[in-house]
Amino acid sequence: MTRVWEWNRPVTVREVLEDLQKERSIAYTTVMTVLDNLHQKGWVRREAEGRAYRYEAVSTRAAYSAALMNEAWSASDNPAAALVAFFGMMSPEQRHALRDAVRMVQGDEPAEPAPAPPRAARDEREPPVPAERPAPGERAGEPAAERAREPSGPPEQAEEAAADAGEVPAAGSGDPGR
């Protein structure tokens, strides 16, 4: 899938084979079998071209990653706590990208590129902060998630606070055309 996603166009078994052979020895039939399996699983569509097929990704790598994150988040018994923990693991660049993504989904102004951190900051990221132990009768992460939802000032500050806390609108909200 990586090769199909990288090229972002329909590819033949021969093209994938030649690209993979730059790194290691691999048989044509192996590549053909893998692409056929991906087709049977619905990951790629194919169209006949002469005696061969051209394979094209059904979705983007970003959509696949989003589906994985959604699946993991949905499986949590406490989604708010899972999000708080996930956002706590993010680098400053990732948090900036998240704020930009929330703005795009909400239809606000276009995103600005994240400023490049100093080299030392990129190489020496702080480890994630361990979650606080919940008080008796309280589930982990709920107080932090609730505090993150409480606006502390004008609406524009509340929106920024929601983006900082990592609140992301529910799928399909914001754009009625979807």
Within segment 34-42, identify whether any single residue is open to solvent by 60 Å² or more (accessible area, probe 1.4 Å) and of a type in the set (Val, Ile, Thr), and answer yes or no.
yes
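Quickly run through segment 21-32 and pick out the residues that are open to solvent by 60 Å² or more (accessible area, probe 1.4 Å) and under 28 Å from the mean Cα position of the chain (by Cα).
Here is the first cut: in segment 21-32, the ones open to solvent by 60 Å² or more (accessible area, probe 1.4 Å) are 21-25, 28-30, 32.
Within segment 21-32, Glu23 is the sole residue that qualifies.
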What are the residues in segment 6-20 that are open to solvent by 90 Å² or more (accessible area, probe 1.4 Å) and either free of Cβ contacts under 8 Å to residues at least 12 places away in the same chain or under 24 Å from the mean Cα position of the chain (by Cα) (or both), if any?
Glu6, Asn8, Arg9, Glu18
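Take segment 1-21 and flag every residue that is closer than 16 Å to Glu49 by Cβ and assigned to a helix (DSSP H, G or I).
Pass one, segment 1-21, residues closer than 16 Å to Glu49 by Cβ: 4, 7, 9-17.
Val4, Trp7, Val13, Arg14, Glu15, Val16, Leu17 - these are the residues of segment 1-21 that are closer than 16 Å to Glu49 by Cβ and assigned to a helix (DSSP H, G or I).
I want to confirm something. Restricting to segment 43-83 and keeping residues that are of a type in the set (Val, Ile, Thr) and over 16 Å from the mean Cα position of the chain (by Cα), which single residue is nearest to Arg3 (Cα to Cα)?
Within segment 43-83, the first condition is being of a type in the set (Val, Ile, Thr), and the residues that meet it are 44, 58, 60.
Next, from what is left, pick out any that are over 16 Å from the mean Cα position of the chain (by Cα): 44, 58.
Details: Val44: 12, Val58: 14 Å.
Of everything passing the filter in segment 43-83, Val44 is nearest to Arg3 (Cα to Cα).
The values are calculated or read from the model by the stated rules, or taken from the named source; none is laboratory data. All values derive from a computational prediction rather than experimental measurement. Positions of Cβ are backbone-derived with ideal geometry, glycine not excepted, and every protein chain shown enters the neighbour counts. Ligands, DNA and RNA are excluded from the accessible area calculation, which covers all protein heavy atoms including side chains. Shrake-Rupley method; radii C 1.70, N 1.55, O 1.52, S 1.80 Å.
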